[in-house]
Amino acid sequence: MMVSNRTNNTALITGASGGIGLELARIHAQKGGDLVLVARSKDRLKALKTELEKQYQVRVVVLIEDLSDADAAERIFTKTESLGLSIDVLINNAGFGGHGLFHSRDLADEQAMMQVNMVTLTNLTHYYVKGMVSRKHGKVLNVSSSASFLPGPLQAVYYATKAYVTSFSQALAEELRQHQVTVTALCPGPVDTGFVAAGGLEGVEVFNNARSPSSVADCGYRAMEQGKLVAFNESKLSFMLNWLIPFLPRKMVLKMSRDSMEKQSN
């Protein structure tokens with residue numbers, strides 16, 4: 001069955017079954033945009049599809065994919081092409097972390113993290129940006145992290161993957177500027193999502209003051225609409241990471257970063 005665009009404003013969102021991705025889907029639907037929702041959780045995505053189609057009269061396509069699979073991006077692109085969908089907004093939201101000393105963590109977990117956070121994100125961007133360039137319009141929102149501005153002892157690979165996302169996003173934004181395509185990196189601080197449980201981060205004090213997914217999604221969506229390069233959900237994060245941290249001794253920064261990730265004893 002062919003599915004055609006009704007609004008010429010279709011967004012593809014990865015990791016859409018919960019947290020920031022789910023809230024971004026709600027914002028886009030509220031604005032009248034159609035959606036392609038991608039995640040592993042079939043039941044959650046179908047429930048969200050029902051909610052959004054009923055409440056906002058938009059068209060929602062659900063794709064069940066494990067983004068740690070090396071071929072996931074190609075399958076997603078092939079499916080949207082077969083459905084006749086033109087993706088106007090790409091939101092690479094899916095990602096996960098993991099806590100612990102690098103040498104003690106399972107290598108397969110780290111490889112899956114790199115695949116989801118960096119490789120699949122890059123592949124999806126490559127597939128869909130080509131169409132945006134040819135149409136001379138489009139927006140990309142990559143959900144990165146304030147962690148991308150620091151090295152991250154006890155989350156070494158996660159912080160490094162997010163550094164890649166923020167750097168990649170800004171470089172791509174400059175390349176695409178002449179084609180009327182914008183790329184925005186959303187760099188929030190701690191967010192109250194399933195990230196803590198999935199990453200084994202229970203007991204890490206910094207997450208006690210985590211912001212709501214809806215507030216972070218609103219910040220990111222507005223920044224994307226405005227074509228901003230980098231968006232922080234808290235002004236103090238922007239000041240600290242841009243104007244304070246770069247001038248501190250590197251060993252001090254490393255100690256501060258590690259201390260923030262240490263688990264608190266009961």
Through the Karplus equation 6.51 cos²θ - 1.76 cosθ + 1.60, θ set to phi - 60°, convert the phi angles of the stretch 157-170 into ³J(HN,Hα) values in whole Hz; use x for Gly and Pro. 6, 4, 4, 5, 5, 6, 4, 4, 4, 5, 5, 4, 4, 5
Per 5 Å bin, what is the whole-percent P(r) computed from every C-alpha pair distance within the chain? 1, 6, 13, 18, 20, 17, 12, 7, 4, 2, 1, 0
Residue-wise HN-Hα coupling along the stretch 18-34, computed from phi with Karplus coefficients 6.51, -1.76, 1.60 (Hz; x: Gly, Pro): x, x, 4, x, 4, 5, 5, 4, 5, 4, 5, 5, 4, 8, x, x, 6
Got a number for the accessible area of TYR128? Probe 1.4 Å, square angstrom, nearest 10. 10
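Got the relative contact order for the stretch 112-173 handy, in percent, Cα pairs under 8 Å and 6 or more residues apart? Numbers along the way, then the final one.
Details: 43 pairs, mean separation 23.1, N = 62.
Relative contact order here is 37 percent.
Accessible area per residue, 1.4 Å probe, Å², for the chain: what's the number?
Values: 12840 Å² over 266 residues.
Per residue, the chain has an accessible area of 48 Å².
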For helix 121-135, what angle does its Cα long axis make with the longest principal axis of the chain, in degrees from 0 to 90 and rounded to 10? 40
When the chain is modelled as a GNM with alpha-carbon springs shorter than 10 Å, which of ASP43, ASP66, ASP88 fluctuates the most? ASP43
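Let me have the relative contact order for the stretch 1-143, percent, based on Cα pairs under 8 Å that are six or more residues apart. Don't jump to the answer; show the numbers that get you there.
Details: 230 pairs, mean separation 38.9, N = 143.
Result for the stretch 1-143 is 27 percent.
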What's the angle, to the nearest 10 degrees (0 to 90), between helix 213-226's Cα axis and the longest principal axis of the chain? 60
Under 26 Å from the Cα of LYS263, which lysines turn up, not counting those fewer than eight places away in the same chain? LYS162, LYS236, LYS251, LYS255
Return the long-range amide H neighbours of LEU141 (sequence gap of 5 or more, or a different chain), with a cut-off of under 5 Å between placed amide H atoms. LEU90, ILE91, ASN92, THR184
Rounded to a whole number, what % of the accessible area of the chain do carbon and sulfur atoms account for, probe 1.4 Å? 53
GNM, the chain, Cα, under 10 Å: largest mean-square fluctuation among PHE232, PHE96, PHE247? PHE247
When only Cα pairs under 8 Å and 6 or more residues apart are kept, what is the percent relative contact order across the chain? 18
Note the angle between two axes, namely the Cα long axis of helix 250-261 and the longest principal axis of the Cα atoms of the chain, as a number of degrees from 0 to 90, rounded to the nearest 10. 70
Accessible area (Å², 1.4 Å probe, nearest 10) - LEU237: 20
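The values are calculated or read from the model by the stated rules, or taken from the named source; none is laboratory data. Keep in mind it's a predicted model, so treat the numbers as computed, not measured. Ligands, DNA and RNA are stripped out before the accessible areas are found, and what is left, the full protein with its side chains, is counted by its heavy atoms. Shrake-Rupley method; radii C 1.70, N 1.55, O 1.52, S 1.80 Å.
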